[in-house]
Amino acid sequence: MRNGKHMNNLERSGALDPQVLMGIRAIGQPVFDPAGRSLLVTESFFVPDENRQKSRILRLDIVSGDTRPMTSGPSDQHPLFSPDGRMIAFLRRTDGPAQLWLMPSDGGEPRVLTDLTYGVSDFAWLGPDRLVLSVPLKDERLRSGKRPESDDAYIRFNQDVRRIKSLYHKLDGEGFLPDTRKALALMDLAEGRIDILQSGAFDCQDPVVSPDGTKIAFLSYRRPDAERRPGLEDVYLYDLGLRTARRLTDGRLGVMAHTFAEDGGTIYFAADDPIDLGYGHTRLYAWSEGEGVRCLSRALDRSLGDQSGTDLGAPGGMRLVAHGGSVYAQVSDEGRVGIWQLGDGGLRPLVTGERVIYAFDHHPEVGFAIAYADFDEVSAIALAQAGEERLLAAGSLPEDLRKSVRRPEHFLARAEGGPKIDCWLLMPDGEEVGVPLVVEVHGGPMSMYGMRLHLEFQLLRAAGYAVLFTNPRGSQGYGEGFCSAIVGRWGDKDYRDVMAALDEALRRYPRLSPLRLGIAGGSYGGFMVNWAISHTRRFRAAVTMRSVVNRMSAMGTSDTGFERVPQYGPLWWEDPVPYLQQSPLTYASEIRTPLLIEHQEQDMRLPIEQGEQLFTVLRLLGRTVEMLRYPGESHGMSRSGKPWHRVHRYRAILDWFNRYL
C-alpha cells in the first residue's frame, strides 16, 4: 500500500494476463513398453483459435531422453503397447465418440480400427492380435457409422425429446445419459471382427486381462436397485474358455480400479464403501479363490488415489500395479500424493515428497515412471528407483508465468477444540503493508488442496493479493475422522477451521490488512463463501462459484442429489428442517458483502437454479450482486471447460476483487 491506495491489479508491476493459460502444456499417463526402454505419455495443450484443448501421444526414450510425437490429435488418450511391443493402440475422438486406433510402435501413420456408432469406451490387449473392448450398444446390437436421419419429419424433429424412466438419468460433464449399455466384446485384429461376450441391461466396463490370457476381470452392477446406487460396481470374472462370467463381490462396494496379481490367482481392487456417505476412504481389497474378499488397507487411515483438486489438470487417473505379492498405488496424505506399497506384508510409502503424483506406471527392471505436479511445475515425468530420481520431461509454462510463480509458505492453525490444520499463504512481492487477502476454499468437501500449482492463486498473487488456502475438517488426506467430522453439518467445524486459518494468517503476517479481506470458492467452496458472508461481516468482497445455495431444491435437481439423503436423515419433503438449516439461502438476508455469483448453464451437479435463487434474493434486497452465466459448460468448467471461458472467469475474479478490495 502506498499513500493508502492499493495499486490497480491490471497496472501493478508483475501482474499477469489470465491468457497465459493458453500457453500451458501438461503431460501424464506414462506407460512403459514391455522392455522398459521407453514410455508413452499423453500431452494436453490449448488451441486458442479453435477454443479447445487437444491431446496427443509422445514417446520418451528412457536412455537418451529424446522425445518424439507419435500422434497429432486432436484428442488422443489411453495409449497401450501390445504385449510384444510391436503395436500401440489408443483412443481418438474426432467429430464423434472415441474410436479405437492402431499404429506401429516405431512410428508411422495410425489407422482406425472401429467405426462404431456409439464408439469405444475402454480396451485392453489380449495377446498381440486381439483386444478386449468395452463398447456402448443400443438394443444389444453393434452398429457402425453415424446414426441415419429418418425421412419421417415427425421422427426427425422429435429426436431431441427425452423420456426419463430412471432416477439416475444424468451426470455432470456427460449430460443426460444415453439409452445405451456398455458391453464386453472381443476384437480379432486379423479378421477385424468384434464378438460380444457379455451384454444386457447393465454396463460392462474397465476390462483387465489375466497374465495367462484366459480370463477378463471387468466391472458391472446388475442388481435391481442400480438406479438408486449409481456409484456401486461389482468385480466380475469372465472365463474365455467357458464363456461365462461370475460375480466376485457382493454389491456393497463402489469399485473403481482393479488388476490381477502376477500369478493371476488374486484380483486387487480399490473401492469406496457407500456406508461412509462419501466421507470415508478409498481402500484396497483383494479377492482370491477360497478366501473371497478381504480389505488390505484397513490399517491405513488415508485414502487411495489422488484426492487433490486443481485448475490445471494433467492426464492421469487411479492406477493399481501388482508386483511381488504387493500392490503399488497412489495415496493422499496431508496435501501430498505419493506411491505406496500395500499388501499382506504391510503398508509403506515408496515415492513421496511435497508434490502430487497424479499418474504412474511400474516396470520390474526399471522402477517407477511418475507423473507429478508441485508448487513450481504443472507437470513432469521422472524415473524413480531405489530412492533416486531422474527427470525425463516436463510440461511447459509461458515464460512470464514461470517467472511469476512463487511457492506458498506453510503454517498450521487450530480452531478452539479442533485439530491442527494445514494452511498455505502466497504473498505478493515487495514490502508493502496493508495487503488485501483472498481466502480460497476447495470443493468437495471430500478432497484436498494438494501441493501443486494453481493458476488462479498465482494470478491473484501477481495482481497484488495475498492468497490463503487450507484443508479444513471435511478434507481428505487427514484421516477418516477428520473427513467425516462434518457429515450433515457443513458450516460448523469446517467454518471455524477456515476462520481460524484466517486469524492465524493475520497474526503471523503483519503486512496483511485485516480490513481488506475477500473469499472465493467453488462447489462446496462456494457453499462456504455463501455461509461465511451470511455469518460474518469481515469480508469486503466475495466470489461464489457453482455453489450450494438451497439444499431443498438441489436434492431433486442435482444429478446425484438423492444420494445425499442419508446425511440428513428424513426425506426432504417430509421434514425440510435439516435441509433448510444447511442452506445458505436461509441466511441470505444477512449478506451485505458485494458478491459475484458464477455458474455454468449445463451444471448438473449443482444446477444453475442454485445461483439464480441467491441472485434473485440479493437483488430483491437491494444488495450488491452480479451473476455470470457460462453457456454450454458443466460443473467442472474451471479445470476442463472451454479455454476462453476459463480465461474470462479468471479475469472476472480479478476484476471483482479489484473493484471491492
For segment 239-270 and segment 45-80, distance of Cα centres in Å:
32 Å
Enumerate the amide H contacts of Leu197 below 5 Å, restricted to partners 5 or more residues apart or on another chain; note that Pro and chain-start residues carry no placed amide H.
Leu184, Ala185, Leu186
At 1.306 mPa s and 10 °C, Stokes D of segment 521-572 from Kirkwood alpha-carbon radius, µm² per second:
132 µm²/s
Using protein chains only and a probe of 1.4 angstrom, how many square angstrom of Leu412 are accessible, to the nearest 10?
70 Å²
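Per the 1.4 Å probe, what fraction of the accessible area of the chain, in percent, lies on carbon and sulfur atoms?
Numbers: 12960 of 27500 Å².
Whole-percent figure for carbon plus sulfur exposure: 47.
When you have a sec, figure out the Kirkwood radius of segment 289-360 from all distinct Cα pair distances and drop it here in Å to one decimal? Show your work: numbers first, answer last.
Numbers: mean 1/r = 0.0768 Å⁻¹.
Final number for the Kirkwood radius of segment 289-360 is 13.0 Å.
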Could you pull out every one of the lysines with an alpha carbon less than 23 Å from that of Lys493, ignoring same-chain neighbours closer than 8 positions?
Lys420
Nearest 10 degrees is fine. How inclined is helix 643-660 to the longest principal axis of the chain, computing both from alpha carbons?
20 degrees
Note, segment 32-42: 3J(HN,Hα) by Karplus (6.51, -1.76, 1.60, θ = phi - 60°), whole Hz, Gly/Pro = x, goes 6, 6, x, 7, x, 9, 8, 10, 9, 9, 9
J(HN,Hα) series, segment 65-82, from Karplus relation 6.51 cos²θ - 1.76 cosθ + 1.60, nearest Hz, glycine and proline x
x, 5, 10, 9, x, 9, 9, 10, x, x, 9, 10, 9, 6, x, 9, 6, 5
Under a cut-off of 18 Å between alpha-carbon atoms, report the aspartates and glutamates in cross-link reach of Lys403, not counting same-chain residues fewer than 8 places apart.
Glu11, Asp17, Asp374, Asp376, Glu377, Asp429, Glu456
Count charges around Gly36 for me, please; just the other residues with Cβ under 11 Å from its Cβ, Lys/Arg as +1, Asp/Glu as -1.
-2
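Kindly work out what percent of the DSSP beta bridges joining two residues of the chain are antiparallel, to the nearest 5. Could the numbers behind the result be given before it?
On the way: 128 of 158 bridges.
Antiparallel bridges: around 80 percent, rounded to the nearest 5.
Can you give the percent of C-alpha pairs in segment 506-661 whose distance is more than 18 Å?
Numbers: 7050 of 12090 pairs.
That tail contains 58 percent of the Cα-Cα pairs.
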What is the P(r) of segment 450-554, as percent of Cα-Cα pairs per 10 Å bin from 0?
13, 44, 36, 7, 0
Can you compute the helix-only [θ] at 222 nm over the chain? Use -39500 (n - 2.57) per DSSP H run of at least 4 residues, normalise by all residues, nearest 500 deg cm²/dmol.
-4000 deg cm²/dmol
Straight-line reach from Lys146: which lysines have a Cα under 16 Å away, not including same-chain ones fewer than 8 places off?
Lys138
Rg from C-alpha atoms of segment 239-393, normalised by the globular rule of thumb 2.2 N^0.38 Å, equals 1.09
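Starting from the Kirkwood Rh over alpha-carbon pairs, what translational D in µm² s⁻¹ does segment 388-514 have by Stokes-Einstein at 37 °C and 0.692 mPa s? Walk me through the numbers on the way to the answer.
Details: Rh = 15.8 Å.
Calculated translational D: 207 µm²/s.
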Just the accessible area per residue of segment 529-661, please: how many Å² with a 1.4 Å probe?
38 Å²
Just the Cα atoms of segment 34-100, one point each, no solvent: what log10 I(q)/I(0) does Debye give at q = 0.17 Å⁻¹?
-0.64
Whole percent per 20 Å bin, from 0 to the bin with the longest distance: what is P(r) over all C-alpha pairs of the chain?
17, 52, 28, 2, 0
Report the semi-axes of the equivalent ellipsoid for segment 363-411 in whole Å, largest first, where each axis is √(5λ) for an eigenvalue λ of the Cα gyration tensor.
26, 14, 7
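For segment 580-627, build the convex hull from the C-alpha positions and give me its volume per residue in Å³. If you can, show how the numbers build up before the last one.
Working: hull volume 3.5 nm³, N = 48.
It is 73 Å³ per residue.
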Angle, helix 524-533 long axis vs. longest principal axis of the chain, Cα atoms, 0 to 90°, nearest 10?
10 degrees
Rounded to the nearest 0.05, what FRET efficiency do Val433 and Arg294 have when you use their Cβ-Cβ distance and R0 = 51 Å?
0.30
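In square nanometres, what is one fourth of the surface area of the convex hull spanned by the alpha carbons of segment 200-314?
Working: hull surface 36.6 nm².
Average projection, Cα convex hull of segment 200-314: 9.1 nm².
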For segment 486-503, Karplus couplings with θ = phi - 60° (6.51, -1.76, 1.60), whole Hz, Gly/Pro x:
10, 3, x, 9, 5, x, 10, 5, 5, 4, 5, 5, 4, 5, 5, 4, 4, 4
Rounded accessible area per residue of segment 80-175, 1.4 Å, Å²
60 Å²
Specify the angular offset, from 0 to 90 degrees and rounded to the nearest 10, of the alpha carbon long axis of helix 609-620 from the longest principal axis of the alpha carbons in the chain.
10 degrees
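The values are calculated or read from the model by the stated rules, or taken from the named source; none is laboratory data. Quantities reported herein were computed from a predicted structural model and do not represent experimental measurements. Virtual Cβ from ideal backbone geometry, glycine too; neighbours counted across all protein chains shown. Accessible surface is based on the protein model in full, side chains and every heavy atom, while ligands, DNA and RNA are left aside. Shrake-Rupley method; radii C 1.70, N 1.55, O 1.52, S 1.80 Å.
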